[in-house]
Amino acid sequence: MKNKEARFITSSAIIAALYVVLTMLANALGLANFAIQLRFSEALTILPLFTGAAIPGLFVGCLISNLISGCVIWDVIFGSLATLIGAIGTYLLRKKRFLPYLPPIISNTLIVPLVLVYAYGMEGTLPFFMLTVALGEILSCGVLGYFLCCGLKKYEKHIKWK
């Protein structure tokens, strides 16, 4: 295995592990599931700005988090896909100013409420869940992600690579 491939796989694995740990922390605090979701791990969705290794890392991290936190299979599948779509979107928009923050917010806002209504049968309307999920994602991806990005900017030369 070449050094570049090893670095990619290692970076992806570290990001996945961080995602799981941060999700479990939010879950322990009662913030990670149901209508209003404030997952600290969603701040990591800004990492595709720095490295493509974040894309599989975020996807696998979300998949593992949903599996070990007891989510139904539809949440495991579609919640993880929402994170994957968001990560790819962030990577594709990485050269734009504030646009990279939008894909994870939008993908989760459109997909997760459907899971809440149809997979969990939660009481409430789809627009209500879209609003609550959007608020949680704006706080997680937008606000926390922005602060994470600002903190990582000074280390950008060490983490920015394809």
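Just so it is clear, none of the values below were taken in a lab; they were calculated from the coordinates. As the structure is a computational prediction, the values presented were derived from the model and not from experiment. In this analysis, Cβ positions are derived from the backbone assuming ideal geometry, glycine residues included, and neighbour counts consider all displayed protein chains.
Leu84 is checked against (1) within 9 Å of the chain's Cα centre (by Cα); (2) over 17 Å from Ala119 (Cα atoms); (3) crowded, with 23+ Cβ neighbours inside 10 Å and fails just one. What number does that condition carry?
Every listed condition holds for Leu84 apart from (3).
Lys154 passes all but one of (1) without any contact (Cβ under 8 Å) to a residue 40 or more places away in the chain; (2) under 16 Å from the mean Cα position of the chain (by Cα); which number fails?
All conditions pass for Lys154, except number (2).
Which ones in region 23-55 are assigned to a helix (DSSP H, G or I) and over 11 Å from the mean Cα position of the chain (by Cα)? Break it down into steps so the answer makes sense when it comes.
We begin by selecting, within region 23-55, every residue assigned to a helix (DSSP H, G or I); these are 23-28, 40-49, 54-55.
Those that are assigned to a helix (DSSP H, G or I) and over 11 Å from the mean Cα position of the chain (by Cα): Met24, Leu25, Ala26, Asn27, Ala28, Leu49.
Specify the residue that is nearest to Leu110 (Cα to Cα); the eligible residues are those in region 79-99 that are among the hydrophobic types (A, V, I, L, M, F, W, C) and in a helix (DSSP H, G or I).
First, the residues of region 79-99 that are among the hydrophobic types (A, V, I, L, M, F, W, C): 81-82, 84-85, 87-88, 92-93, 98-99.
Then drop every residue that is not in a helix (DSSP H, G or I), which leaves 81-82, 84-85, 87-88, 92, 99.
Details: Leu81: 12, Ala82: 8, Leu84: 13, Ile85: 11, Ala87: 15, Ile88: 16, Leu92: 19, Leu99: 17 Å.
Taking the candidates together, the pick is Ala82.
Identify all residues within region 21-39 that are out of contact with any Lys or Arg (no Cβ under 9 Å at 6 or more places or on another chain) and surrounded by 21 or more Cβ atoms within 10 Å (Cβ to Cβ); write none if there are none.
Gln37, Arg39, listed by residue number.
Out of region 51-84, which residues are under 24 Å from Leu152 (Cα atoms) and among the aromatic types (Phe, Trp, Tyr)?
Phe59, the sole residue that qualifies.
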